[in-house]
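Report on the following structure.
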Amino acid sequence: MKLTPYRVVAKNALMSWNGLSEDEAQKIIETSTFDELESQVYAKNSVVYAVEAIANYFGNSSELIGLMKDAALGDKQDDIYLFCENSYELIGDSLNKVGFSVIDILANVHDGWVKDNAKKFNREGRENKKYQHLPIEMIGWKEAKADLLFVEPILDAMGIKVDEQKLEQEYNKRVTKFFNEKNLVNENGIDKGAVARLIAKGHEFYSPLTEENSAKSKGEAMMMASQVSEKLENINLKTKKH
């Protein structure tokens, strides 16, 4: 039997974030209640955002969302094993047929994190992480792929494997399209001034933002633009000279 995606997420989080060995993490996910795990990994919301993004490909059926959510988290939440493995695999088959983007799913998880963590924006010691409160196209691949921790176990339960190399290429193309469509590049690369002006628009520019995690000044917006430029330095965004 397969573990619920939530238990897989929790296991990986305990190893990645808390430094536990695989055996130690396995023991905890097999013996802890859902609430005990959640108090350590805070993964529920991100798993739900991933489920909602997948269900969106099928018209956002509330019945399907409920089924997928219960299966991903555990029908009674304290369940350890996936109770509808065959149904999940059928959803995976359908998902492959309709065509889907893992980046879109990651983006929904990221947008949810931005909404849920506005208070972190001004937290002392996180000054260099303000860029995290911007769209997925502006945070860099390393940051974007971190949410695979929540997404990959769900896709794996559906029989869908993620190719990280291809995913990075897709991400880079998406970033290039985003910056060019919004006129945020010039012949030298990212136009930090243009990026800062966009960031300064806050919620008008990026809907998950609130007053709490929007730039409060031109200087703060420019600082965030510099962080964006640094995170995307490996992507060639220069426009060609005419």
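The values are calculated or read from the model by the stated rules, or taken from the named source; none is laboratory data. All values reported here derive from a predicted model rather than from experimental measurement. Counting neighbours? That spans all protein chains shown, and the Cβs are built from the backbone with ideal geometry, glycine included. Ligands, DNA and RNA are stripped out before the accessible areas are found, and what is left, the full protein with its side chains, is counted by its heavy atoms. Shrake-Rupley method; radii C 1.70, N 1.55, O 1.52, S 1.80 Å.
Quick notes on this one:
- Scope the stretch 170-212; condition under 22 Å from the mean Cα position of the chain (by Cα), acidic (D, E) and either closer than 19 Å to D104 by Cα or part of a helix (DSSP H, G or I) (or both); matching residues: E170, E204
- When the stretch 66-79 is filtered for residues that are open to solvent by 40 Å² or more (accessible area, probe 1.4 Å) and under 24 Å from the mean Cα position of the chain (by Cα), the ones remaining, listed by number, are L67, K69, D70, D75, Q77.
- Within the stretch 130-161, being in a loop (DSSP other than H, G, I, E, B), open to solvent by 30 Å² or more (accessible area, probe 1.4 Å) and more than 26 Å from L209 (Cβ to Cβ) holds for G159, K161.
- Any chance N96 is under 17 Å from E52 (Cα atoms), open to solvent by 70 Å² or more (accessible area, probe 1.4 Å) and either at pLDDT below 90 or of a type outside the set (A, V, I, L, M) (or both): yes
- Sub-8 Å Cβ pairs linking a first residue in the stretch 179-202 that is on the phi > 0 side of the Ramachandran plot to a second residue that is modelled with pLDDT of 95 or more and surrounded by 14 or more Cβ atoms within 10 Å (Cβ to Cβ), at least 6 apart or interchain, are N183/D191; N183/A194; G189/S229; G202/L209; G202/S214; G202/A215, ordered by first then second residue.
- Listed by first and then second residue, the pairs linking a residue in the stretch 214-238 that is in contact (Cβ under 8 Å) with a residue 24 or more places away in the chain to a residue that is open to solvent by 30 Å² or more (accessible area, probe 1.4 Å) and of a type in the set (D, E), with Cβ atoms under 7 Å apart and 6 or more places separating them unless they lie on different chains, are K231/E143; K238/E187.
- Applying the set (1) surrounded by fewer than 15 Cβ atoms within 10 Å (Cβ to Cβ); (2) closer than 30 Å to I190 by Cα to E63 leaves exactly one unmet item: (2).
- The conditions of being open to solvent by 70 Å² or more (accessible area, probe 1.4 Å) and within 19 Å of V109 (Cβ to Cβ) are met by N56.
- Selected residue (only one of A55, A72 is under 26 Å from L209 (Cβ atoms), small (G, A, S) and part of a helix (DSSP H, G or I)): A55
- Residues (buried (at least 19 other Cβ atoms within 10 Å of the Cβ) and in contact with a Lys or Arg (Cβ under 6 Å, 6 or more places away or on another chain)) located in the stretch 28-47: I29
- S217 meets each of the listed conditions (1) on the phi > 0 side of the Ramachandran plot; (2) surrounded by fewer than 13 Cβ atoms within 10 Å (Cβ to Cβ) apart from (1).
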